[in-house]
Amino acid sequence: MFNIIIKEDYRQISEAANEIVRELLAKKQDAIFGLATGSTPLGLYSAMIADNEQNITDYQKVVTFNLDEYIGLPDKHPQSYKSFMEENLFSKINIKLGNTHLPLARDSQDLRACQDYEELLADYVIDIQVLGIGANGHIGFNEPGTAFDSFTHIVELAKRTRLDNQRFFSSLDEVPTHAITMGIATIMKAKKIILLASGENKAQAVFEMINGPIVEEMPASILQKHPNVIVLLDKAAASKL
Ligand code: GLP
């Protein structure tokens, strides 16, 4: 079930998302968060950092699980999602690094890494899963065609996704071809999902997620079946609704 909230701009959707995070932390200091990368959650992460600096929120007991990670980037590569999270959130709040988790696969055959991540996740229930959406409707790195009953798995990235993410690398050749990602079924286990989308290039995917048929070709459409999804959109991302 979607609770759709449309705001004027990116800053306002980031603040609205942070408000939800803040409310949860006020009630539950040891909350479990599912986190996403990409440019969309950056505003939320900045707001979380500001609240932590002002002692409004405390992350000492918080545990996090990230959705996904590239495969094949050298350790400490600035574009790995581990580096991204450390730079944009973890190093700037009082979270224990040992409580932060990202999947990590050695290569595209590393099925053990997928099992390990699912086994780790099995001990927790994610209170809030933060999600962005790819222009082709992917969530995490679950590209169109991913089975709705999938758990953590290794994917070959769609050409469009690699082109979208090329801006973070010096050339398309440098963008990894594979990634490890929580599956759709993993994501659906979260108690609450906050999906953020900003900008015109997300408008079609947002429209299909909300109004389209529930089909594996549009991974985000499965969220129609989740009991508690807050969709935070700026005007451009909501322009096709
Ligand atoms: C990547 C991430 C997704 C993210 C998507 C959108 O593919 N794996 O989790 O939602 O990018 O990124 P952006 O927010 O930069 O548009």
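What follows draws every value from the coordinates through simple rules; no lab data is involved. All figures in this text were calculated on a predicted structure; none of them were measured in a lab.
Could you list the square roots of 5 times each eigenvalue of the Cα gyration tensor of the chain, that is, the equivalent ellipsoid semi-axes, sorted largest first and rounded to whole Å? Write down the numbers at each step before the final one.
Values: eigenvalues 111, 102, 65 Å².
Three semi-axes, in Å: 24, 23, 18.
Filter K27/K192; K192/K225; K82/K192; K76/K192; K28/K76 down to the pairs with a C-alpha to C-alpha distance above 21 Å, please. Walk me through the intermediate numbers first.
Working: K27/K192 15 Å; K192/K225 12 Å; K82/K192 23 Å; K76/K192 31 Å; K28/K76 32 Å.
Violating the 21 Å Cα-Cα cut-off are K82/K192; K76/K192; K28/K76.
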When the helices in the chain are scored as -39500 (n - 2.57) per DSSP H run of 4 or longer and the sum is shared across all residues, what 222 nm value do you end up with, to the nearest 500 deg cm²/dmol?
-8500 deg cm²/dmol
Rounded, prolate or oblate: which fits the stretch 62-122, taking a ≥ b ≥ c as square roots of the Cα gyration tensor eigenvalues, rounded meaning a/c under 1.5, else prolate when a/b beats b/c?
oblate
Express as a percent, rounded to the nearest 5, the fraction of DSSP beta bridges in the chain (both residues included) that run antiparallel.
25 percent
